[in-house]
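Rule-based calculations on the coordinates, nothing more; no lab input. Bear in mind the structure is a predicted one, so any value in this text is a computation, not a measurement. Cβ atoms come from the backbone with ideal geometry, glycine included; neighbour counts cover every protein chain shown.
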Amino acid sequence: MEQTKYSVGLDIGTTKIVAIIGRENEYGKIEVLGMGKSKSLGVHRGVVNNITQTIQSIQLAVDQAVADSGLEIKEVVVGIAGQHIRSLQHSDYITRDNSERVISDQDLELLCDQVYKLIMLPGEEIIHVLPQEYKVDAQAEIKQPIGMYGGRLEANFHVVVGQVTSIKNIGRCIKSAGLDLANITLEPLASAKAVLSQEEKEAGVALIDIGGGTTDLAIFKDGIIRHTSVIPFGGNIITEDIKEGCSIIEKQAELLKIKFGSAWPGENKDNEIVSIPGLRGREPKEITLKNLSKIIHARVVEIVEQVYVEIKNYGYDEPKKKLIAGIVLTGGGSQLKHLKQLVEYITGMDTRIGYPNEHLAGHSDEDIASPLYATAVGLLMDALERDRQLPPPVQIVGEETEEVEGEEMVQAELGTEPLAQDTLTEQAQKATVLERWSDKLRKFLENAE
């Protein structure tokens, strides 16, 4: 395949690891060039618990994506999740030296750096610092203060925190697999990018991403992330319950869940029976679908109720925090039959299943448009967005010497001199403050031993 500008997203999940290569076409849609998938052997509930197996699983997924696309993978955007993730709200401010000078992105970075200095619990590290609203002097509810005048700049932040060891282990696996880390993203934020519309984020929506090991929650209101949470249960624990409740092996339990599973036990009649082959010449085992649904229903209700507690903790019943767009379910677990109806019954909120197909080019493989790959598609979108915002290298055309050309390139990179071309200046300015913040964590991961 001919070389084109492309990016790579890598989803390190509890049940699977997915590497997806893609580019943006002329219509702004994502064209998937290759995908690789492997069973995740060294991850439990979103946390690496076997470095060697995780590295092998990453390499297998990456090798498949390379073979599928014919392209080389050097750097990846990786998702972070797991039960070690927690979030908190924090307010902070800076007093500017000169209120006659307009607020710049350097001021925002200074304010954010102050938040990064917060003292966390032992063994914790700040992953994301996400600004919500700003306040300039007495003026509140400002979404973007750049270009405004003011002496005191204040902001509310959503701070995402994780265990240092868990973060370092992911970084080590990436490096040991022969890859460079381009950026990192909290996985529920990546899934949200893939399946939520801007209108939903503005109106207020709760994204529930049901994975194998964890169920992730991200709440948006007024276009801003308001709350994130990780529930340490996912589809795997449902499979475990079926295995124990029906006295069958894990592989059979997973197949039963996928093919016959339902979150609503009333849908099955007493005489609906499925026969499971016995082990090593033993008699086949007969299981009623009604009993299967009861086992699944009990665990799903527990997971949904825990998520609902988090939604209540956000305060969705307050008029200003109302989630008008309701709930969007995604992830592999969202494909369980009648789950949508059960979530609506428990929460009383409108619910839909989130597919990443809106952002994919028309000829994309149907499998990739499944909720199963929402996080991977979101990570790819994040990678493409990041590459799009990076300023291109500045090339000086003329009779200047190489020394002068090199000097001007350095000046352009540092922003000490205005560039000769306005378009290049605009592109350089698009390297947002948020990206620089995420680069701090990227460097932290790259330095992990």
Scanning the stretch 132-145 residue by residue, those part of a strand (DSSP E or B) and in contact (Cβ under 8 Å) with a residue 60 or more places away in the chain turn out to be GLN132, GLU133
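Applying the selection to the stretch 316-353, what residues are small (Gly, Ala, Ser) and in contact with a Gly (Cβ under 9 Å, 6 or more places away or on another chain)? Write out each step before concluding.
Restricting attention to the stretch 316-353, the residues satisfying the condition of being small (Gly, Ala, Ser) are 325-326, 331-334, 348.
Once the filter is applied, which keeps residues that are small (Gly, Ala, Ser) and in contact with a Gly (Cβ under 9 Å, 6 or more places away or on another chain), the stretch 316-353 yields ALA325, GLY326, GLY331, GLY332, GLY333, SER334.
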Of all residues being in a helix (DSSP H, G or I) and of a type outside the set (Gly, Ala, Ser) in the stretch 213-241, which is surrounded by the fewest Cβ atoms within 10 Å (Cβ to Cβ)? Just the residue, please. GLU240
Scan of the stretch 273-295 for residues that are in a strand (DSSP E or B) and of a type in the set (A, V, I, L, M), ordered by number: ILE273, VAL274, ILE276, ILE287
